[in-house]
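Following: one structure in structure tokens, then a few remarks.
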């Protein structure tokens, strides 16, 4: 006996029940939901295209199986909604951005005659944007194609599908219009804007804290006065278009910063080991204020000097001369640590690396003090250390052993910096004469034998990123001639590092005319092709006090325009991404930084006929500037002074 309902024997093509019809639809959309989980993260955002996706209006079916199917469908739909929101967080902004880009392309192509490939620099991922929008469009279209179900059933689940398709279509057309803008006729294209640059130059100044030469002007000044004096120095540097501060932070085994290794400097607070009150960190403060002004800060360390004769403040308990008294030698009027002892070497290395690790400095700087300048008739008292070296099997002569001690320290510091922060520069400012007679007609101190500094070796090995030989003599006297000595250093630079001559600005107080300094800077510039790329002046107090009206000469002649420091391509030659979202409103130009980029500043150039002139360098926080009528190029600059491709705008 057959107990089935007669309905079950009807032909298969007969109309299904409403219940079965809903089951078929639900099963289909589970399949669609599974397919849409494969949506990948796309590079351009449309998200709010999908922010209005409603919860499917499906009547609650009867039966456990259909209940599970409905639940699965809702889960997949929510997954799709969340995924699209991650991928496309705001389609309104997308459309606005595309509109701005379209306007920008049009203005660039009309005003600046864009070369064919320049749009790809402005929007480097444009092909990928097109491709991903195309894929998304196809996936949405697939929802409406190849489905053998009543047309209005899909509409019940995706009621806003036509709107989605329409918006995707508009976005696709807008992106397509961008690519069409690149296909300009050849007669509307110009050469690449490869002349948007300027003459880089390192314009540094030494600020000596030892004996309160430059800053602070006295020990134990109120903190407010210390800060005021430092800001006055930085303001004067801005005024003179100087771009690098070489700040002495370890004058003699002490610290102008918060250190767990060494005591606070008595040149700062009047007593060694006593912190500023109210408390602040002078180095951190100086770094922040320098970077606001697009000034590099190079931290200046003295490796072995422990005390000057004029210093009365007693040592703090954690000073290296107290911790290693057996290696602290009185030499003339000084107390000097033994450079040949491992404990002293380790201490110097640890101090420098501690600063490199904890502070955002741009460079580590050392001067000419390795072994002390010789005192006539007095031998440096390291015979016991040298004797221990010979007793352990060492074979070097005393002079070669001392040089080796310095060489190994320079090499160790160089390697430590590069292993910790490869972008931090390492510079040394040695005595200006390598050896007498090496340069024609030159006589004077032999630092190779007197200070045990084999600077030529350091340059050959590439341990330093820049050298600032102290060329503290005038141009004309033949025995120590500025151009002759500069030429010698430039010719002994096999690793092609930068040479920034050290200039004795303080000689203006001893009869030098300002014209001598002007000529020296001009001589340095004339040798730029040989990597003479700047100058460092000793010391800041001459600029601070405007001795002999020197500031007016620098502002009107030598440094009348700003300049970036030279880029060190062996450290980093990767330019940052250009500014984005560049807009012009009347005389105001605005832009945004690209994401995940190390931006230190922005350069603003103005077109002058067929060339470009650097008008200003703005700090990283500045993204809006008012400009007079003209055509401008804006570039991003990273911490290594690499410049991005320019964004060109016209102010009407």
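Since every read-out is calculated from the coordinates, none of them should be taken as a lab result. Computed from a prediction, not measured in an experiment: that's the story for all the values here. All Cβ positions, glycine included, derive from the backbone under ideal geometry; neighbour counts span all protein chains shown.
Order the peptides 403-412, 572-581 from the highest to the lowest mean number of other Cβ atoms within 10 Å of their residues. Before the final figure, lay out the partial values.
On the way: 403-412: 18.8, 572-581: 16.9.
Per-residue Cβ counts within 10 Å, averaged per peptide and sorted highest first, yield 403-412, 572-581.
Each part reduced to its alpha carbon centroid, the stretch 357-407 and the stretch 564-578 end up 35 Å apart. Residue order for 525, 330, fewest other beta carbons within 10 angstrom first, comes to 330, 525.
Gain on full extension, evaluated as 0.36 nm per residue between residue 526 and residue 330 minus their Cα-Cα distance, stands at 66.1 nm.
Neighbour counts of other C-beta atoms within 10 Å: give me 365, 492 arranged from fewest to most. Numbers along the way, then the final one.
On the way: 365 26, 492 16.
Ranking 365, 492 by Cβ neighbours within 10 Å, fewest first, gives 492, 365.
Between the stretch 296-312 and the stretch 587-629, what's the alpha-carbon centroid distance in Å? Taking the Cα centre of the stretch 587-629 as reference, the centre of the stretch 296-312 is 39 Å away.
By the count of neighbouring beta-carbon atoms within 10 Å, fewest first, 583, 269 end up ordered 583, 269. In the frame of its principal axes, the stretch 279-334 has Cα extents of 44, 25, 20 Å, reported largest first.
For the stretch 580-651, what does the alpha-carbon gyration tensor say about shape, rounded, prolate or oblate, given a ≥ b ≥ c as the root eigenvalues, a/c under 1.5 as rounded, and a/b over b/c as prolate?
On the way: a/c = 2.01, a/b = 1.36, b/c = 1.47.
Note, shape of the stretch 580-651 comes out oblate.
Descending by average beta-carbon neighbour count within 10 Å, the peptides 380-390, 257-267 line up as 257-267, 380-390, the highest first.
With a 10 Å radius around each residue's Cβ, average the other Cβ atoms per peptide and rank 214-227, 543-556, 638-651, highest first. Before the final figure, lay out the partial values.
Values: 214-227: 16.8, 543-556: 15.3, 638-651: 20.7.
So the peptides 214-227, 543-556, 638-651, ranked by packing, come out 638-651, 214-227, 543-556.
Using the alpha carbons alone, the radius of gyration of the stretch 225-318 stands to its Kirkwood radius in an Rg to Rh ratio of 0.99.
Quick check: from the Cα gyration tensor, does the stretch 452-587 come out rounded (a/c under 1.5), prolate or oblate? In terms of gyration-tensor shape, oblate.
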